[in-house]
Amino acid sequence: MAAEPGRESPNVPMRVSRDQLEKVIHRAAELQFGRGETPEVLEAEEVLRIAEEVGLEGRFVRQALAEVRADALLPARPVDDSVPTRLWGEAILVAARVVPGEPLAIQDRLARYLADRESLRCVRDRPGQLVFEPAKDFMSQLQRGLDFGGRGYELAKARSLGVMIQSLEEGRSLVSITADMSNQRWGHAAGWYGSLGTFGLGSALGAILGGGLPALIVIPAVASGVGLVATVGTSKTVGVQRHRLELAVQGLLDRLERGFTMASDRPTLRERITDLLEE
């Protein structure tokens, strides 16, 4: 029996969850595209009009459009199928965000913040592009080592940190950050394989000399066990370090996105010592 005009069909739920809403909109778009009523490519103004009709605020739709455009601007990442990556995980971390502001202003804020607050040294400074490495001067190493504020200095633990800034539209820019943690990956691997290898060698010699077991049996068995445990241990440790680095990168992008000041009320160790020397 058909529903009366102006009344809801009994087969249509009166309430839908957020996940259901996304499915409904996605499916309705599929059906309309399939009937040929909508072109395959839409202008941004048309997307804004459609979004307004379904009750979405224009500012959020423009933000989403900017992020879609930003994804298209990001360079394709090369596939890393090397042995270290297969064993211990990826060494490159990439994150991007659409943030308010013009590229030059954002670049200046980031450069000062990363040098003053994250103990990094800028090794390349071009319009729209910055490359940082951990600062190796005495004061920077002392600041990271003491870490009175408990910052962790996760960004400074990476081998390098690359920043690219592109203008999307007036007042909005795409900031992409690439962190190379290959130094940490190799460092953790050396620790695991080195310590377990030493332990395994001692155990093998003890089993051969003290227990009289055949070397042809003991050595392969110990080597296999050491290799397996060291590989798993390295992978787990690298994963934890990667998670910490990702949180630091995302936190930096959060501050940019929300327009927070990049400065801090708490002076750095360098600033404290400089003030003491000037008194």
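The values are calculated or read from the model by the stated rules, or taken from the named source; none is laboratory data. Quantities reported herein were computed from a predicted structural model and do not represent experimental measurements. Every residue, glycine among them, receives a Cβ derived from its backbone with ideal geometry; neighbour counts consider all protein chains shown.
Things worth noting here:
- The residue that is surrounded by the most Cβ atoms within 10 Å (Cβ to Cβ), counting only those in segment 37-90 that are at pLDDT 70 or above and hydroxyl-bearing (Ser, Thr, Tyr), is THR85.
- Candidates VAL163, VAL175: the one that is crowded, with 17+ Cβ neighbours inside 10 Å and either assigned to a loop (DSSP other than H, G, I, E, B) or free of Cβ contacts under 8 Å to residues at least 60 places away in the same chain (or both) is VAL163.
- Any hit, segment 10-24, residues being at pLDDT 70 or above, within 35 Å of the chain's Cα centre (by Cα), polar (S, T, N, Q) and not in a helix (DSSP H, G or I): yes
- Any hit, segment 182-194, residues being surrounded by fewer than 19 Cβ atoms within 10 Å (Cβ to Cβ), among the hydrophobic types (A, V, I, L, M, F, W, C) and closer than 21 Å to THR85 by Cα: yes
- Criterion applied to ALA115, ALA156 was being under 20 Å from GLY187 (Cβ atoms), part of a helix (DSSP H, G or I) and touching a Lys or Arg at 6+ places or on another chain (Cβ under 9 Å), and the one residue passing it is ALA156.
- Qualifying residue in segment 137-146 (condition: within 16 Å of LEU247 (Cα to Cα) and without any contact (Cβ under 8 Å) to a residue 40 or more places away in the chain): no
- In segment 92-139, the residue that is nearest to GLY239 (Cα to Cα) out of those that are crowded, with 17+ Cβ neighbours inside 10 Å and of a type in the set (S, T, N, Q) is SER119.
- Residues being in contact with a Pro (Cβ under 9 Å, 6 or more places away or on another chain) and either surrounded by 15 or more Cβ atoms within 10 Å (Cβ to Cβ) or among the hydroxyl-bearing types (Ser, Thr, Tyr) (or both) - total across segment 140-157: 6
- From ALA207, ALA263, ALA248, residue being modelled with pLDDT under 65 and surrounded by 17 or more Cβ atoms within 10 Å (Cβ to Cβ): ALA207
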